[in-house]
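Asker: Below you will find the structure I want to go over with you.
The values are calculated or read from the model by the stated rules, or taken from the named source; none is laboratory data. It should be emphasised that the depicted structure is a prediction, and the values quoted were computed from it without experimental measurement. As a convention, Cβ positions derive from the backbone with ideal geometry for all residues, glycine included, and neighbour counts pool all protein chains shown.
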Amino acid sequence: MFAYIVRRVLATIPVMAIVALFVFSLLYIAPGDPAAVIAGDQATPQDVERIRESLGLDRPFLVRFGEWLFRILQGDMGVSIFTNLPVTTMIQQRIEPTLSLMVLTLCLAVSIAVPMGVVAAWKQGTWIDRAVMGFAVLGFSVPVFVVGYVLAYVFALELDWLPVQGYTAFSNGFFPWLENLILPAIALGGVYIALIARITRATMLEVLQQDYIRTARAKGAGQRSILFLHALKNAAVPIVTVIGIGVALLIGGAVVTESVFAIPGLGRLTVDAILRRDYPVIQGVILLFSFVYVLVNLAIDLLYTLFDPRIRY
Amino acid sequence: MALLEVDNLQTHFRTPDGVNRAVDGVSFSVNAGETLAIVGESGCGKSVTAMSILRLIPEPPGKIAGAIRFEGRNLLELSDREMRGIRGNEISMIFQEPMTSLNPVLTVGRQIGETLRLHQGLNAKEAEEKAVEMLTLVGIPEPARRVREYPHQLSGGMRQRVMIAIALACNPKLLIADEPTTALDVTIQAQILELMRDLKHRVGAAIVLITHDLGVVAEVAERVVVMYAGRKVEEAAVGPLFRTPRHPYTQGLLGSMPKLGSSLHGEETRLAEIPGLVPSLKQKIPGCVFASRCPHSTELCIQVAPALEEKAPGHVAACHYAMKEGALAA
């Protein structure tokens, strides 16, 4: 088991290296000259040349990649072209709202979607099942920003139950934090809930056909124990897998959600950085997101052994 | 009073192309401590009968009618909650497939302990201690270690022993065994049968044994019910049934059994087979269900369903031509 963990952690290194190479190449792939953009409209060719040199843009690709990677590994992601602040500082300032949003959405989605899928499978073919599946289709097809604006309009503007936008730090208390985040989390969670509920239902339908479910019934186990212990534990591996894959959805969705609800998080930072061609920031944020995604999926691989004793590494 | 009385049991399934009468008017009873075998070929309704007793048939599409009286209480009238109190406690069941009947993600001890926690209110620790005891009882070596293992770490025979341990954990009054040895190797079969017989004497439970294996019946049963196409066609004590089978179907079943010591190559020792297949259960059959395959069938058999008649003391059969004494006249 320990050897497996070490092996898996080591295996993430090439993945991250490829991501790093890709992220670094962005500067070359993207059209336009960053030096010219930074210099602005009134710059002389000499100004542009000076900026190019200061960025090191005049040196060979591989040399620059090597240097850049070396600095990244030491925790130095460079300095924002626009604000002159270190990228790590900028990320630190913005990470809490995004992390809060993603964690809350994850918890909310899992605690809603899994029971939904379980009940739909149990009540297969009834109106409950159809309602859940209908909701899943809706969740897949309505974009995050539409749900976001509708929620904000109904619950914040019309009913005035919750703030329209903004973010309150966790250190100011749990409820103010939750108040600001609940609508964004619901908006962001829609697709995610739909995905998890569908997989849960499909897997549960298969598991409920198994002989050991009949055995559990013959033992006198109650419906809840049959569904949530005997069946769900057997259905856990595919469900946990899509929860992990779905984190990618959350990352993409967070960017949009933060714009809709004016949350000062990494998503907003990314959008602003892209608009300003602030390459060090773009690179830093993408690297961070990739790293989180790889880490989450590693954790999920390790979780398998917890649910299914037949999986041994 | 009989421990279990099944009275005119009818289990029907609604399917897109008509109603499937899997069990169509079957009655029998089981006395305390007795072993009753229900035999018949695949699709004759014996497993459905067994599942109906514990109401394990999904409803819908299934529908159970008639009466199933256990110690005088009609199980079909109990609430789901009352029924759960009986399952695994007073009546328990073991299944054909030990490979798939145990939950792969729960330890053996947890699965044995579950019934004890449900029905006897034991806590986790007591349940595990009792589980170890049960594993010892069913002859599993190193029970203290095995109790923490998962089903995939056990062989087929061991898993069936675990199933038996689960079934007997609460000292049930009735054990329903649905083809308990079919999926096992012959040597393991003998061990499991021996174990069941031994435990029956110790626990004193009555057994309903569902099987298509007449060898197993001869080995353990006291009384036999022969089912065909969802109906009971013959019932007798095991000795008379094997010596003088009255119903042509039972005769066919016994005739198709290979006997030890007889050559399979000799002309006269060729195994008798029953030609044809079990009729579709989706049409109502007005006459005798076996008429289409019976060597003795006449116009009367096709038109009129024969009633179950006592052909000899304690020996009933549903056949127009089965004589009161001896075999068929024809």
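Asker: Return the pairs, sorted by first residue and then second, in which the second residue is surrounded by 21 or more Cβ atoms within 10 Å (Cβ to Cβ) and aromatic (Phe, Trp, Tyr), the first residue lies in the range A:211-230 and is over 16 Å from B:Ile176 (Cβ atoms), the beta carbons are less than 8 Å apart, and the residues are 6+ apart or on different chains.
Answerer: Filtered contacts from the range A:211-230: A:His230/A:Tyr212.
Asker: Also: Out of the strands (runs of 3 or more DSSP E) lying entirely within the range B:16-76, which hold 1 or more residues that are within 14 Å of chain A (Cβ to nearest Cβ)?
Answerer: Here the list reads B:62-70.
Asker: Taking the criterion of being within 14 Å of chain B (Cβ to nearest Cβ), touching a residue at least 60 places away in the same chain (Cβ under 8 Å) and either closer than 30 Å to B:Thr100 by Cα or touching a strand residue (DSSP E or B) at 6+ places or on another chain (Cβ under 9 Å) (or both), would at least one residue in the range A:270-280 satisfy it?
Answerer: Looking through the range A:270-280, none of the residues is within 14 Å of chain B (Cβ to nearest Cβ), touching a residue at least 60 places away in the same chain (Cβ under 8 Å) and either closer than 30 Å to B:Thr100 by Cα or touching a strand residue (DSSP E or B) at 6+ places or on another chain (Cβ under 9 Å) (or both).
Asker: A further question follows. Any residue in the range B:27-50 that is out of contact with any Leu (no Cβ under 8 Å at 6 or more places or on another chain) and of a type in the set (Ser, Thr, Tyr)?
Answerer: yes
Asker: Here are A:Thr98, A:Thr83: which of them is among the hydroxyl-bearing types (Ser, Thr, Tyr) and within 25 Å of the chain's Cα centre (by Cα)? Break it down into steps so the answer makes sense when it comes.
Answerer: Numbers: A:Thr83 fails: within 25 Å of the chain's Cα centre (by Cα).
One residue alone meets the criteria, A:Thr98.
Asker: Further question on the same structure: For the structure I just gave you, tell me whether A:Val19 is surrounded by fewer than 16 Cβ atoms within 10 Å (Cβ to Cβ), outside the structural domain of A:Asp278 (by TED's automatic domain parsing), within 27 Å of the chain's Cα centre (by Cα) and in contact (Cβ under 8 Å) with a residue 60 or more places away in the chain.
Answerer: no
Asker: Right, something else. Which one of these does B:Val132 not meet: (1) within 13 Å of chain A (Cβ to nearest Cβ); (2) of a type in the set (A, V, I, L, M); (3) free of Cβ contacts under 8 Å to residues at least 60 places away in the same chain?
Answerer: For B:Val132, the exception is condition (1).
Asker: Take B:Pro245 and tell me if it is touching a helix residue (DSSP H, G or I) at 6+ places or on another chain (Cβ under 8 Å), more than 17 Å from B:Ala50 (Cα to Cα) and touching a residue at least 40 places away in the same chain (Cβ under 8 Å).
Answerer: In short, yes.
Asker: If B:Ile302 satisfies every condition in (1) surrounded by 12 or more Cβ atoms within 10 Å (Cβ to Cβ); (2) part of a loop (DSSP other than H, G, I, E, B) but one, which is the exception?
Answerer: Among (1) surrounded by 12 or more Cβ atoms within 10 Å (Cβ to Cβ); (2) part of a loop (DSSP other than H, G, I, E, B), B:Ile302 violates only (2).
Asker: Inside the range A:206-244, can you point out the residues that are hydroxyl-bearing (Ser, Thr, Tyr) and either within 27 Å of A:Ala299 (Cα to Cα) or more than 7 Å from every other protein chain (Cβ to nearest Cβ) (or both)?
Answerer: Selection gives A:Ser225, A:Thr241.
Asker: Does B:Asn171 count as more than 12 Å from chain A (Cβ to nearest Cβ) and either modelled with pLDDT under 85 or assigned to a loop (DSSP other than H, G, I, E, B) (or both)?
Answerer: Against the criterion (more than 12 Å from chain A (Cβ to nearest Cβ) and either modelled with pLDDT under 85 or assigned to a loop (DSSP other than H, G, I, E, B) (or both)), B:Asn171 qualifies.
Asker: If we scan the range B:102-117, do we find a residue that is more than 21 Å from A:Asp211 (Cβ to Cβ), more than 9 Å from chain A (Cβ to nearest Cβ), in contact (Cβ under 8 Å) with a residue 24 or more places away in the chain and surrounded by fewer than 19 Cβ atoms within 10 Å (Cβ to Cβ)?
Answerer: no
Asker: Look at A:Arg277 and say whether it is surrounded by fewer than 24 Cβ atoms within 10 Å (Cβ to Cβ), touching an Asp or Glu at 6+ places or on another chain (Cβ under 9 Å) and farther than 30 Å from A:Tyr4 by Cα.
Answerer: Numbers: surrounded by fewer than 24 Cβ atoms within 10 Å (Cβ to Cβ): yes; touching an Asp or Glu at 6+ places or on another chain (Cβ under 9 Å): no; farther than 30 Å from A:Tyr4 by Cα: yes.
Here the answer is no, as A:Arg277 does not meet what is asked.
Asker: Hey, among the residues in the range B:82-101 that are under 13 Å from B:Leu54 (Cα atoms) and in a helix (DSSP H, G or I), which one's farthest from the other protein chains (Cβ to nearest Cβ)?
Answerer: Selected residue: B:Glu82.
Asker: Kindly indicate the residue of the range A:131-179 that is surrounded by 16 or more Cβ atoms within 10 Å (Cβ to Cβ) and among the β-branched types (Val, Ile, Thr) and also nearest to A:Arg201 (Cα to Cα) among those meeting that condition.
Answerer: Among those that are surrounded by 16 or more Cβ atoms within 10 Å (Cβ to Cβ) and among the β-branched types (Val, Ile, Thr), it is A:Val132.
Asker: Filter the helices (runs of 4 or more DSSP H) completely within the range A:14-120 down to those with at least 2 residues that are polar (S, T, N, Q).
Answerer: The qualifying helices (runs of 4 or more DSSP H) are A:45-55.
Asker: Go through (1) surrounded by 22 or more Cβ atoms within 10 Å (Cβ to Cβ); (2) at pLDDT below 85 for A:Ala248 and report which single condition fails.
Answerer: The one condition A:Ala248 does not meet is (1).
Asker: Of B:Leu154, B:Leu122, B:Leu184, which residue is surrounded by fewer than 20 Cβ atoms within 10 Å (Cβ to Cβ), closer than 30 Å to B:Thr49 by Cβ and away from chain A (no Cβ under 11 Å)?
Answerer: After applying the criteria, what remains is B:Leu154.
Asker: Only residues that are surrounded by 12 or more Cβ atoms within 10 Å (Cβ to Cβ), assigned to a loop (DSSP other than H, G, I, E, B) and not small (Gly, Ala, Ser): list them for the range B:272-294, please.
Answerer: Passing the criteria: B:Ile274, B:Val278, B:Pro279, B:Leu281, B:Lys282, B:Ile285, B:Cys288, B:Val289, B:Phe290, B:Cys294.
Asker: Follow-up question, since we're still on this one. From B:Val162, B:Val216, which residue is aliphatic (A, V, I, L, M), assigned to a helix (DSSP H, G or I) and more than 13 Å from the chain's Cα centre (by Cα)?
Answerer: Criteria check complete, one pass: B:Val162.
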